Amino acid sequence: MESILDKFLRYISFDTASDPESQTQPSTQKQLALSMQLVNELHEMGVSDARLDEHGYVMASIPSNVEGPVPSIGFIAHVDTAPDASGADIRPQIIKNWDGNPILLHKEKNLMLDPLDFPEMTRYKGQTIITTDGTTLLGADDKAGIAAIMYAVQYLMQHPDFPRGAVKIGFTPDEEIGRGVDKFDVKAFGADYAYTLDGSQIGELEYENFNAASAKIHIQGRNLHPGYAKNKMLNAIIIGMELNALLPAVERPEHTEHYEGFYHIVLFKGTVEEATVQYIIRDHDTGKFEQKKAFLTQCVQHINEKYGNNILTLELKDQYYNMRKQVEPHYHIVEKAIRAMETASITPIVKPIRGGTDGAKLSFMGLPCPNIFAGGHNFHGKLEYLPVESMEKAAEVMLNLIELYADNATKA
């Protein structure tokens with residue numbers, strides 16, 4: 001069998017960054033190169049029905065080999081990487097038997113991974129750690145998930161007697177920009193339940209996520225010569241700063257954790273004449289989520305009342321919702337994931353996602369879909385790293401889940 005490390009290194013060689021400004025599906029054509037590679041690999045393994053559709057989705061199926069009714073179980077990962085940092089020309093560093101000391105990423109930038117800054121690293125002393133070279137992200141989000149799925153598929157195809165119901169495989173584009181399953185055909189996928197392999201540290205299991213919205217605010221200022229601007233100029237930059245100051249500082253990402261929601265300013269650009277401010281709004285609690293949206297709307301109205309109507313124009317859109325409502329009626333899928341981890345000698349860490357996954361939207365599309373760890377840390381930036389052993393454990397958990405569903409069915 002090809003090692004999971006070799007698979008991962010091959011997948012991160014593809015630049016698959018998605019583009020939030022694009023209106024196409026997928027948002028970048030370069031994602032399709034990896035998607036087609038995965039289809040070809042699946043064919044080579046013997047998964048004959050693997051295909052890539054017109055929207056950039058890869059779907060494949062491995063038939064059941066046990067008698068009687070067995071739920072069809074899906075496993076899903078996304079091919080795109082976040083546009084927050086470059087995903088091109090990734091040059092990974094592989095540190096075998098890591099000794100626990102700081103890892104230098106880039107000498108000229110004095111950039112390093114230091115356990116003093118990231119104490120969770122100490123859990124992986126003695127393991128093989130993959131890092132960046134300090135110039136790009138690594139792509140473990142979510143190519144570690146892809147590698148784990150492909151490694152498990154490879155095992156299944158080389159061990160045809162491994163007990164299983166029907167196994168469904170899916171790879172999606174554009175998850176990082178919130179459009180990963182907008183055109184996903186749940187019926188064609190054919191799974192009764194599914195799991196995304198898109199979590200972080202080993203043991204993570206998540207079936208709750210944020211409710212999410214985006215807010216784009218255009219500010220129309222009034223520019224005049226500054227020497228003659230008294231009582232006439234409306235500085236769009238200053239007005240944007242004034243709006244931001246109305247939002248509670250304690251409800252920013254850097255001051256929140258666990259179930260606490262936030263307002264996060266993600267873009268501020270412009271001139272005196274006009275400016276644009278963008279936020280994302282997050283909260284696990286539906287009521288608090290609605291309150292946050294309403295408060296931002298009130299702040300915009302307040303600024304308009306102060307300076308004149310239509311100075312600020314707000315575009316507020318919901319992005320996804322908390323999957324808990326959809327998963328809890330099928331809580332056995334969470335319980336099975338816990339058992340699958342325990343069988344792999346992993347302590348499950350059941351906690352809410354402080355973000356979202358494709359599984360959140362899929363759960364509301366009729367496919368209950370919790371999220372399982374893939375092993376990476378520090379996603380979306382140059383400090384990203386991945387313990388290889390965690391990725392291997394993700395594949396083991398996937399195989400344990402397949403066996404659990406088949407075993408329960410045969411006992412029934």
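Fully extending the segment from Asp49 to His225 would add 56.7 nm, taking 0.36 nm per residue of separation and subtracting the current Cα-Cα distance. Our coupling estimate for segment 385-390, obtained by passing each phi through the Karplus curve with A = 6.51, B = -1.76, C = 1.60 and θ = phi - 60°, is 8, 9, x, 4, 4, 5 Hz, Gly and Pro reported as x. Taking the 1.4 Å solvent-accessible surface of segment 1-90 as the whole, the part contributed by carbon and sulfur is 51%. Computed from phi, the 3J(HN,Hα) profile of segment 149-158 under the Karplus parametrisation 6.51, -1.76, 1.60 (θ = phi - 60°) reads 5, 5, 5, 5, 4, 4, 5, 4, 6, 8 Hz, with x in place of Gly and Pro. Once the Cα-Cα distance is subtracted from the 0.36 nm per residue extended length, the Lys125 to Glu254 segment shows a gain of 43.6 nm.
The phi torsions of segment 360-375, fed into the Karplus equation with coefficients 6.51, -1.76 and 1.60 and a -60° offset, translate into couplings of 4, 5, 4, 4, 7, 9, x, 10, x, 8, x, 10, 10, 4, 10, x Hz, rounded to whole numbers, with Gly and Pro shown as x. For GluC sites (Glu not before Pro), the sites in segment 1-105 that DSSP calls loop and that have at most 13 other Cβ atoms within 10 Å are Glu2, Glu21, Glu54, Glu67. Counting only protein heavy atoms and a 1.4 Å probe, segment 352-410 has 25 square angstrom of accessible area per residue. How about segment 193-258: which trypsin sites (Lys or Arg not before Pro) there are in a DSSP loop, with at most 10 other Cβ atoms within 10 Å of their Cβ? The qualifying sites are Lys230, Lys232. Amide hydrogen proximity for His106: with H placed 1.01 Å from N in the peptide plane, the residues at 5 or more positions away or on another chain lying under 5 Å are Leu111.
Build a GNM of the chain with springs between Cα atoms under 10 Å apart, and of Asn209, Asn310, Asn110 the one that fluctuates most is Asn110. Taking Cα centre as origin and charging only the Cβ of basic (Lys, Arg, +1) and acidic (Asp, Glu, -1) residues, the dipole magnitude of the chain rounds to 920 debye.
For Phe75, the residues 5 or more places off, or on other chains, whose built amide H falls under 5 Å of its own are Lys168, Ile169, Gly170, Tyr195. Heavy-atom surface analysis with a 1.4 Å probe gives segment 196-277 a carbon and sulfur content of 56 percent of its accessible area. Here the calculated FRET efficiency for Leu314 and Glu108, from their Cβ-Cβ distance with R0 = 51 Å, stands at 0.75, rounded to the nearest 0.05. The Cα atoms of segment 24-102 give a gyration tensor whose axes a ≥ b ≥ c have a/c of 1.5 or more with a/b no greater than b/c, which makes the shape oblate. Positive end of the dipole of the chain (Cβ unit charges, origin at the Cα centre): among Ala245, Phe184, Gly165, the Cα lying farthest that way belongs to Ala245. Could you list which residues have their amide H under 5 Å from that of Thr16, counting only those 5 or more apart in sequence or on another chain, with H placed in the peptide plane? Amide H neighbours of Thr16, under 5 Å, 5+ apart: Thr81. Using C-alpha pairs under 8 Å with a sequence gap of at least 6, the mean separation divided by the residue count of segment 55-190 gives a relative contact order of 46 percent. Here the relative contact order of the chain, from alpha carbon pairs under 8 Å that lie six or more residues apart, stands at 24 percent.
Would you mind pulling out the separation of the Cα centroids of segment 180-245 and segment 93-112, in Å? Going from one Cα centre to the other spans 33 Å. Computed per residue of the chain from DSSP H runs no shorter than four, each worth -39500 (n - 2.57), the mean residue ellipticity at 222 nm is -9500 deg cm²/dmol.
Full extension of the chain segment joining Lys269 with His302 gains 9.7 nm, where the gain is 0.36 nm per residue of separation less the Cα-Cα distance.
Here segment 1-96 is assigned +1 on the Cβ of each Lys and Arg and -1 on the Cβ of each Asp and Glu. Its dipole about the Cα centre then comes out at about 300 debye. Under the combined filter of DSSP loop state and at most 12 neighbouring Cβ atoms within 10 Å, segment 184-264 retains these GluC sites (Glu not before Pro): Glu257.
The values are calculated or read from the model by the stated rules, or taken from the named source; none is laboratory data. Just so it is clear, the model here is predicted, and its values are computed rather than measured. We place every Cβ from the backbone using ideal geometry, glycine too, and count neighbours over all the protein chains shown. The accessibility values were calculated without ligands, DNA or RNA, using every heavy atom of the protein model including side chains. Shrake-Rupley method; radii C 1.70, N 1.55, O 1.52, S 1.80 Å.
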